[in-house]
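The values are calculated or read from the model by the stated rules, or taken from the named source; none is laboratory data. What you see is a predicted model, and the numbers here were worked out from it, not measured in a lab. Here Cβ is always computed from backbone atoms with ideal geometry, including for glycine, and neighbour counts include all displayed protein chains. We work out accessible area using only protein heavy atoms, side chains counted, and drop any ligands, DNA or RNA first. Shrake-Rupley method; radii C 1.70, N 1.55, O 1.52, S 1.80 Å.
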2 protein chains.
Amino acid sequence: MIYSDEYFMQQALKEAELAFEAEEVPVGAVVVMNQKIIARGHNQVELLKDSTAHAEILALTSAYSKLGTKYLPDATLYVTLEPCLMCAGALYWSKIGRIVYGASDDKNGYHKHLHSESAANAPFHPKTELVGGILAEECAWLMKSFFKTRR
Amino acid sequence: MIYSDEYFMQQALKEAELAFEAEEVPVGAVVVMNQKIIARGHNQVELLKDSTAHAEILALTSAYSKLGTKYLPDATLYVTLEPCLMCAGALYWSKIGRIVYGASDDKNGYHKHLHSESAANAPFHPKTELVGGILAEECAWLMKSFFKTRR
């Protein structure tokens with residue numbers, strides 16, 4: 001059985017729900033290799049008092065630690081929200097094979113800063129495949145619910 | 001006595017030299033508050049097998065850990081090389097007061113990806129002051145020496 005992108009995005013959403021329950025901005029990520037989840041992460045900025053502790057960074061460092069490697073060309077990262085500039089930069093360095101994200105992020109997404117002449121999938125590694133919009137509504141709904149309770 | 005930017009950049013260079021000796025790309029950083037160094041970091045990508053382990057990230061997380069805070073509005077980060085996109089993003093989230101860097105980095109510096117209509121100090125926080133070119137030659141020389149031995 002081959003699992004779909006939606007299946008793994010559901011797993012990333014489960015991570016995002018853990019963040020939500022912990023009163024963190026609800027973003028979750030999983031790293032998948034050969035159809036298996038090898039690392040998970042959810043936003044822990046408040047818990048760790050560390051503004052670099054985004055879901056993607058925690059999932060990437062967990063994957064590096066598990067595999068003992070600093071590159072992930074054969075892996076896919078699923079994340080519920082369009083990566084910010086920091087996470088996009090971290091994903092560039094990872095040389096990850098694929099990035100699949102859920103909801104777009106007009107405020108803090110990496111798209112905002114790029115110039116139009118950039119390569120198609122800049123700032124990511126040229127070999128990285130990029131897919132957006134998987135379970136976008138569910139991913140966005142979690143974010144909206146979170147910020148609604150904060151106002 | 002007030003220490004100069006050059007003084008603290010020398011301290012960042014000492015960190016870069018530690019990286020050089022450990023056969024890591026020689027970039028170093030220090031975080032300064034009230035004229036005191038509160039955190040240090042140097043590139044440990046190879047040691048940690050973690051491509052997010054740049055000098056700036058390690059220095060920032062060390063500062064967060066020491067202060068128990070996720071923002072650094074009263075701090076200055078000194079780093080020997082122009083930050084990459086990942087580190088620029090991390091510095092944005094830190095709301096750091098000042099960033100002082102040494103050598104420019106035409107290959108991987110954050111400048112490369114920004115569109116020309118970006119705000120003057122984008123992608124950093126609007127309140128972050130940015131200074132480049134402090135001890136630029138010394139900082140660049142260390143990088144050149146490193147890559148010369150690698151060829």
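Identify, from the list B:29, B:90, B:22, the residue that is farther than 15 Å from residue B:131 by Cα and open to solvent by less than 20 Å² (accessible area, probe 1.4 Å). Step through it out loud before you land on a result.
Values: B:29 fails: farther than 15 Å from residue B:131 by Cα; B:22 fails: open to solvent by less than 20 Å² (accessible area, probe 1.4 Å).
None of the others qualify; the one that does is B:90.
Being within 13 Å of chain B (Cβ to nearest Cβ), open to solvent by less than 60 Å² (accessible area, probe 1.4 Å), modelled with pLDDT under 95 and outside any helix (DSSP H, G or I) is true for just one of A:122, A:53, A:39. Which residue is that?
Working: A:53 fails: modelled with pLDDT under 95; A:39 fails: modelled with pLDDT under 95.
Testing whether each residue is within 13 Å of chain B (Cβ to nearest Cβ), open to solvent by less than 60 Å² (accessible area, probe 1.4 Å), modelled with pLDDT under 95 and outside any helix (DSSP H, G or I) leaves just A:122.
Given the criteria facing chain A (nearest Cβ under 8 Å) and among the hydroxyl-bearing types (Ser, Thr, Tyr), does residue B:80 qualify? Let's see the steps before the verdict.
Numbers: facing chain A (nearest Cβ under 8 Å): no; among the hydroxyl-bearing types (Ser, Thr, Tyr): yes.
No: the conditions fail for residue B:80.
Scan A:80, A:76 and give me the residue that is open to solvent by 10 Å² or more (accessible area, probe 1.4 Å) and at pLDDT 95 or above. I'd like the intermediate steps shown before the answer.
Details: A:80 fails: open to solvent by 10 Å² or more (accessible area, probe 1.4 Å).
After ruling out the rest, the residue left standing is A:76.
Just one of (1) modelled with pLDDT of 95 or more; (2) surrounded by fewer than 23 Cβ atoms within 10 Å (Cβ to Cβ) trips up residue A:107, so point out which.
Result: residue A:107 passes all but (1).
Looking at A:25, A:79 in this structure, which one is in contact (Cβ under 8 Å) with a residue 40 or more places away in the chain and in a strand (DSSP E or B)? Write out each step before concluding.
Values: A:25 fails: in a strand (DSSP E or B).
Every option except A:79 fails the conditions.
Under 9 Å between Cβ atoms, which residue pairs at least 6 apart in sequence (or on different chains) link something in region A:36-54 that is in contact (Cβ under 8 Å) with a residue 24 or more places away in the chain with a partner that is surrounded by fewer than 16 Cβ atoms within 10 Å (Cβ to Cβ) and of a type in the set (D, E, K, R)?
Here the result reads A:38/A:66; A:39/A:66; A:40/A:14; A:42/A:14; A:42/A:17; A:46/A:23, each pair linking region A:36-54 to a residue that is surrounded by fewer than 16 Cβ atoms within 10 Å (Cβ to Cβ) and of a type in the set (D, E, K, R).
Return the pairs, sorted by first residue and then second, in which the second residue is of a type in the set (Val, Ile, Thr), the first residue lies in region A:90-105 and is at the interface with another protein chain (Cβ under 8 Å from one of its Cβ atoms), the beta carbons are less than 7 Å apart, and the residues are 6+ apart or on different chains.
A:90/A:57; A:90/B:52; A:93/B:52
Tell me which residues, restricted to region B:10-22, are of a type in the set (Asp, Glu) and touching a residue at least 12 places away in the same chain (Cβ under 8 Å).
Restricting attention to region B:10-22, the residues satisfying the condition of being of a type in the set (Asp, Glu) are B:15, B:17, B:21.
B:15, B:17, listed by residue number.
Quick one: residue A:71 ticks every box in (1) within 13 Å of chain B (Cβ to nearest Cβ); (2) buried (at least 22 other Cβ atoms within 10 Å of the Cβ); (3) among the aromatic types (Phe, Trp, Tyr); (4) not in a helix (DSSP H, G or I) except a single one, so which number is it?
With respect to (1) within 13 Å of chain B (Cβ to nearest Cβ); (2) buried (at least 22 other Cβ atoms within 10 Å of the Cβ); (3) among the aromatic types (Phe, Trp, Tyr); (4) not in a helix (DSSP H, G or I), residue A:71 is out only on (2).
Given (1) of a type outside the set (Asp, Glu); (2) outside any helix (DSSP H, G or I); (3) open to solvent by 70 Å² or more (accessible area, probe 1.4 Å), identify the lone condition not met by residue B:65.
(2)
Yes or no, residue by residue, for (1) under 24 Å from residue B:67 (Cβ atoms); (2) more than 15 Å from the chain's Cα centre (by Cα); (3) among the charged types (D, E, K, R):
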{"position": "A:28", "(1), (2), (3)": "no, no, no"}
{"position": "A:41", "(1), (2), (3)": "yes, no, no"}
{"position": "A:53", "(1), (2), (3)": "yes, no, no"}
{"position": "A:60", "(1), (2), (3)": "no, no, no"}
{"position": "A:69", "(1), (2), (3)": "no, yes, no"}
{"position": "A:99", "(1), (2), (3)": "no, no, no"}
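Considering (1) assigned to a loop (DSSP other than H, G, I, E, B); (2) open to solvent by less than 50 Å² (accessible area, probe 1.4 Å); (3) more than 20 Å from residue B:105 (Cβ to Cβ), say which one residue B:3 fails and leave the rest.
(2)
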